[in-house]
Every structure is written in C-alpha cells, then in structure tokens.
Amino acid sequence: MNFKRSTTSMAIALMALSLVSMTSIQQDAFAQNLGMSITATADKGSDTITVTGKTVSKLNDVTFTVTSPSGSNVVAIDQVSPDAEGIFAKTFKVGPTWTEDGFYKIKAMQGTGANSLYTLKVFVEITDGMTERTSETESNLETGIFTPNTTNVAKDAGILLDAIIIENGSTMFEVTGKTDRVSQDITVKVIAPNGNVVKVAQISPMLDGEFATEITVGGPLWKQDGLYTVMVKQFDDPKYSASTEVDIKDGVVVPEFGTIAAMILAVAIISIIAVSAKSRLSIVPRY
C-alpha cells in the first residue's frame, strides 16, 4: 500500500469537503442579508391579530414584542421559527393587559441583541379592547441584491392628497387621496381664511389606501369669502400630513379653472381664429 498516495487522496477529499461546507455557509450568510417582511391583519371589532411574514434567513427564530400605545407596557412576547421556505406566522389575542386605546406596536426581530439580523414593526389600533380593521406590511426584502445588515430599511411612502373634486360648483366638495398606512383613520380639518376651524372629520382608508369624504359648505361658519385650507393628517410624521385650498364665495364653492379647461379654451380660440381667417379669405373677390 502506498501510504503517501493514500494520505494525499485523503487530504484532497478533506479539502473538497471543506470547500463545500464553506460555500454552503457563505450562501446562507449571503441569504441572511436579503431581508424580511411582516404583515399584521385584523378585522374590525375582533380580539385577534394575525402576523405573517417571510425571511430569507431560516437559521434564527423571530421574536415578537407587543407594546402599548404609551410605550410603558409590554403586553405580549412570543417567538416563532421560520419553516423551510422562510414563512412564519403568529396570532395574538387582545387580553386584560391591553387596557389602553390607541396603536399597539408589534416589533418583530430575527436574532437577538447585537446578533439580530432584522427589526421590523407594524401597528394595530385597539379601541375598548377590540381591534380596528388592519392590514399593514413592513418589509426590507430585496431580491438578489447583497446589502449589509440593516434595521427596518423599509420607507414610509406617506399620505397624498390627490384632488379636491367639486360637484357642480355648488355647496359641497370631495376630498380624495391615498396613504400607505391603512391601520389608522385620517383626520380632515378645514380652516377658514380668518383661522377658524369650520370642519373636522375622520376617514377610514380602504384596504388599498385610498380615501374620500364629502364636505358640505354653507351656513354661518362658511360666511367668509376666500381660500379655505383643507388639511389631512394621519400621524405626527410630516410625510403623513398634506393640505390644499378651496375657494369659497357667498357660501358656495368656486370651481378651479383647471388645466384641461384651459386647453379646451385654447383649442376653441385657435379654431375660431382659423375659421374666421378662412372665411375672410373665401369672401375676397377673385379676378
């Protein structure tokens, strides 16, 4: 038996095994940098909150911490292991310790302490021990892109006040818009030119984030002529506040002279000029 050849073969085999192991570890380490997502859902008037999620790293458990609106009480702690595809889910029941009304923060952390990979959070509103309608997602998943470990890199898109739609230029207008947070109502406030608040209302966003409400004008609060400021606000974050103006005169809405109307008028004027010029040319006697 050639001992030297046997030793060499064994060394080569060990090196190959090491390379395979290192490649596997590096691939998993690479995968751990691709992120995680969580979604909280609840029905209005329910006592159950379901949190589902997905992570690219399957090696670490996901720990949940639920904190009261004031931030002073931790009302629930739980842990779940992702399955082979990185999918996980956890259900929370609103219990006797959930005494505050407001938005409860559900924080999901994969790994612990300095070794944590991802930390994401979503909010669920509780009123009188019951959930409000909720469907909120937070994610930092980035497919196929290597990124360093980050904490909650998902960006809040904010709230958008799309348009003030005026019906017949009369005694009402409609406020429309869209938000990327559907778990909290939107406050609408209308302020008169003199600074007085003439209207306050709340809108519940649809599941796709769109919202709309009608505002009726007229009466003693709307007697001042001028531009009334319409403000929408969902959170204290400036990205979730927007405003626009509506012109009110004699208790009715003054329609805006929009871009489309201006284009139509411009085309009409050009057409009239063209027709007039052609008509003048046609009546010139020919010799």
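The values are calculated or read from the model by the stated rules, or taken from the named source; none is laboratory data. None of these values were measured; they are calculated from a predicted model. Neighbour counts run over all protein chains shown; Cβ positions are idealised from the backbone, glycine included. Please note that ligands, DNA and RNA were not included when accessible areas were found on the heavy atoms of the full protein model with its side chains. Shrake-Rupley method; radii C 1.70, N 1.55, O 1.52, S 1.80 Å.
Of all the listed residues (Val94, Val124), the sole one being more than 12 Å from Thr52 (Cα to Cα) and in contact with a Phe, Trp or Tyr (Cβ under 7 Å, 6 or more places away or on another chain) is Val124. For segment 40-68, the set of residues classified as part of a strand (DSSP E or B) and farther than 18 Å from Glu138 by Cα consists of Ser46, Thr48, listed by residue number. Filter segment 49-104 down to residues that are open to solvent by 60 Å² or more (accessible area, probe 1.4 Å), closer than 19 Å to Gly129 by Cβ and without any contact (Cβ under 8 Å) to a residue 40 or more places away in the chain, then give me how many there are. Total meeting the criteria: 8. You will find that of Asp225, Asp180, Asp247, the residue that is closer than 22 Å to Thr134 by Cβ, charged (D, E, K, R), open to solvent by 20 Å² or more (accessible area, probe 1.4 Å) and touching a residue at least 12 places away in the same chain (Cβ under 8 Å) is Asp180 and no other. Considering segment 229-244, the residues that are more than 15 Å from Val197 (Cβ to Cβ) and open to solvent by 80 Å² or more (accessible area, probe 1.4 Å) include one that is modelled with the lowest pLDDT, namely Asp236. In the condition set (1) under 30 Å from Leu227 (Cα atoms); (2) at pLDDT 85 or above; (3) open to solvent by 50 Å² or more (accessible area, probe 1.4 Å), Asp128 is compliant with all but (1). Per the listing Ala261, Ala274, the residue uniquely closer than 30 Å to Gly158 by Cβ, at pLDDT below 90 and exposed (fewer than 14 other Cβ atoms within 10 Å of the Cβ) is Ala261. A single entry from Gly218, Gly209 fulfils the requirement of being of a type outside the set (Phe, Trp, Tyr), at pLDDT below 90 and more than 21 Å from the chain's Cα centre (by Cα): Gly218. Which pairs do you get when a residue that is closer than 19 Å to Thr131 by Cβ and open to solvent by 80 Å² or more (accessible area, probe 1.4 Å), found in segment 198-218, comes within reach of a residue that is assigned to a strand (DSSP E or B) and modelled with pLDDT of 90 or more, reach meaning Cβ atoms under 8 angstrom, with the pair 6+ apart or on two chains? Final answer for the pair search is Gln202/Ile186; Gln202/Thr187; Gln202/Val188. Only one of the numbered conditions (1) closer than 19 Å to Val254 by Cα; (2) part of a loop (DSSP other than H, G, I, E, B); (3) of a type in the set (A, V, I, L, M, F, W, C) is not met by Leu207, and that is (1).
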